[in-house]
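Quick notes on the structure that follows.
Nothing in this text is a laboratory measurement; each read-out follows from the coordinates by a stated rule. The structure displayed is predicted, hence computed values, not measured ones. Positions of Cβ are backbone-derived with ideal geometry, glycine not excepted, and every protein chain shown enters the neighbour counts.
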Amino acid sequence: MGAPGSDPSHLPNLGGARAIGGPPVRLPRQRRGIAPQMRGRYPDYDVLAEAGHWDALTRGVVLGRVANVPPIRFFDEREERVLRAFCDVVIAQDRDPRIPVLEMVDAKLYGDELDGYRYEDLPSDPQTWRLVAAHLDATARERGAAGFPEASGDEQHEIVRAFAEGQLRWEGIPVARAWGVVMRGVLSAFYSHPWAWNEIGFGGPAYPRGFARLDAGERESWERPPSFDVDPVRDVPARRVEGR
């Protein structure tokens with residue numbers, strides 16, 4: 001390894017965040033607040049420490065996402081097992097604490113809180129989710145596993161990779177469209193949760209306090225966390241590895 005800050009191998013597109021291993025091992029442990037799997041780029045940041053600045057309604061909604069995890073009511077037991085494994089793979093959550101992505105998706109589908117539109121060549125979003133669960137399970141069985149949850153980590157990742165790249169042929173469902181539907185639900189759930197905000201350094205609700213824009217001098221005055229010698233936010237453009 002070269003001089004500090006010269007190694008970009010921690011970046012996901014360069015292989016540094018292989019999903020089976022979860023977050024890159026070089027990321028520091030979260031020291032304040034909670035982040036998924038307790039690793040992140042902002043180890044001393046806790047967005048919930050700002051809750052006192054939010055209006056009461058917003059504070060109740062955000063804190064409820066942590067304290068009131070809904071039960072699974074839409075998916076049946078087998079669908080839950082398949083889709084929980086799927087969500088863990090696509091979000092790279094392989095250990096606790098995990099954001100309850102599937103529970104949040106399930107609550108939306110159970111409450112018929114849909115997006116108000118759908119692709120004409122797909123069934124409704126609830127039915128699409130059920131078909132994806134069934135086809136993931138069937139694909140794993142075709143490849144010799146007892147089912148998707150029972151498949152090895154490598155096998156699960158290979159199936160999900162083929163799903164994401166539209167390489168699977170599933171009867172009655174356009175694979176690329178189905179991927180878009182389920183990932184819209186997964187990402188919406190994940191990034192609505194304050195633990196994800198800690199991971200990405202998001203400031204949380206702006207109302208009523210608002211956000212302040214710092215000038216260049218103030219931004220340059222920020223100190224790099226002492227336990228992490230590469231800041232993957234500020235140093236990526238400088239080393240011309242962004243977007244690879």
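Assorted remarks:
- Potential extension, Arg161-Tyr191 segment - 0.36 nm per residue separation minus Cα distance: 8.6 nm
- Taking the average, over residues, of other Cβ atoms within 10 Å as the packing measure, peptides 168-174, 72-78 rank 72-78, 168-174 from highest down.
- Modelled FRET efficiency - R0 30 Å, Glu171 with Arg98, Cβ distances, 0.05 increments: 0.40
- Förster radius 30 Å - calculated FRET efficiency between Arg78 and Tyr117, Cβ distance, rounded to 0.05: 0.55
- Unit charges at the beta carbon, dipole of region 46-168: most positive-side option, Ala51, Ala92, Leu114: Ala51
- Counted residue by residue at 0.36 nm each, then reduced by the alpha carbon distance between them, the extension gain from Asn68 to Arg143 reaches 23.2 nm.
- A viscosity of 0.890 mPa s and a temperature of 25 °C, combined with the Kirkwood radius over C-alpha pairs in the Stokes-Einstein formula, give region 77-190 a diffusion coefficient of 172 µm²/s.
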